[in-house]
Amino acid sequence: MNNAPKTTLITCSYGPDFERCKYLCASIERYVDSSTPHLLIVPKRDITLFQPLCSSRTSLISAESILPRFVWQLPFQNRWWITPYSIPVRGWIMQQVTKLSAALAVETESIMFVDSDTVFIRPFNPDDTIRDGKVRLYRFEGGGNIPRRWRWHDCGCNDHQCPDAYEEQR
């Protein structure tokens, strides 16, 4: 039986979130199964700041190392990235693109994103979320049946011709 970890924890962060990320890393060291790798992804300019958070399980790479080469962060700007193919892109959107690219940087079967402002408070093994080779996701039956979401859902369904999942519940 292969005891290699199946899941890598990934945190996309940046300089202003360093203190929060420090608490996250400490909680990972204390509560997350010791075989679970943790990858920090930060802008190149923040690598030196985050270097002290590296450990036997926490590694650090720059966002630029996994993003397409035609994307650059504006110097002296936390918020804006540029590309020859679009208007300037805000940092939050680039964080989502970085998350999509993060799977290229790990070799485990699954990844779990953990925000910088997260703190683990009890023992946790991310591999416990995998059963029969599939990642389990939590679903609360009827949990999405919130009337304020119906209008949003209806608009989305009109645009994309999807079935009305809430029709029976209204």
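Compute and list, largest first, the equivalent-ellipsoid semi-axes of the stretch 1-98 from the alpha carbon gyration tensor, each √(5λ) rounded to a whole angstrom.
Ellipsoid semi-axes (Å, largest first): 28, 16, 10.
So, by mean Cβ neighbours within 10 angstrom, what's the order for 9-20, 107-118 with the highest one leading?
Taking the mean over residues of other Cβ atoms within 10 Å, the ranking is 9-20, 107-118.
Hey, can you grab everything whose amide H is under 5 Å from the amide H of Thr8? Only 5+ residues off in sequence or another chain; H modelled, so Pro and N-termini drop out.
Ser110, Ile111, Met112
Could you list which residues have their amide H under 5 Å from that of Val71, counting only those 5 or more apart in sequence or on another chain, with H placed in the peptide plane?
For Val71, whose amide H was placed from the backbone, there are no distant partners under 5 Å.
Testing the spin-label approximation: label points 7 Å from Cα along Cα→Cβ at Leu74 and Arg131. State their distance in nm.
Label at Leu74, label at Arg131, 4.9 nm between them.
Ordered by packing density, taken as the mean number of other Cβ atoms within 10 Å over each peptide's residues, highest first, how do 88-100, 36-48, 53-65 rank?
Sorting 88-100, 36-48, 53-65 by mean packing, highest first, produces 36-48, 53-65, 88-100.
So, in the stretch 1-141, how many Lys pairs have Cα atoms under 22 Å apart, if the pair is 8 or more places apart or on different chains?
Taking the Cα cut-off of 22 Å, the pair count is 6.
Kindly write out, for the stretch 108-124 in residue order, the coupling ³J(HN,Hα) from the Karplus curve 6.51 cos²θ - 1.76 cosθ + 1.60 (θ = phi - 60°), rounded to whole Hz, with x marking Gly and Pro.
So the Karplus estimates, Gly and Pro as x, are 7, 5, 9, 10, 9, 7, 10, 5, 4, 8, 8, 9, 7, 10, 7, x, 8 Hz.
Read the figures in this text as sums done on the coordinates, not as results from a lab. For clarity, every value in this text was computed on a predicted model and none was experimentally measured. Positions of Cβ are backbone-derived with ideal geometry, glycine not excepted, and every protein chain shown enters the neighbour counts.
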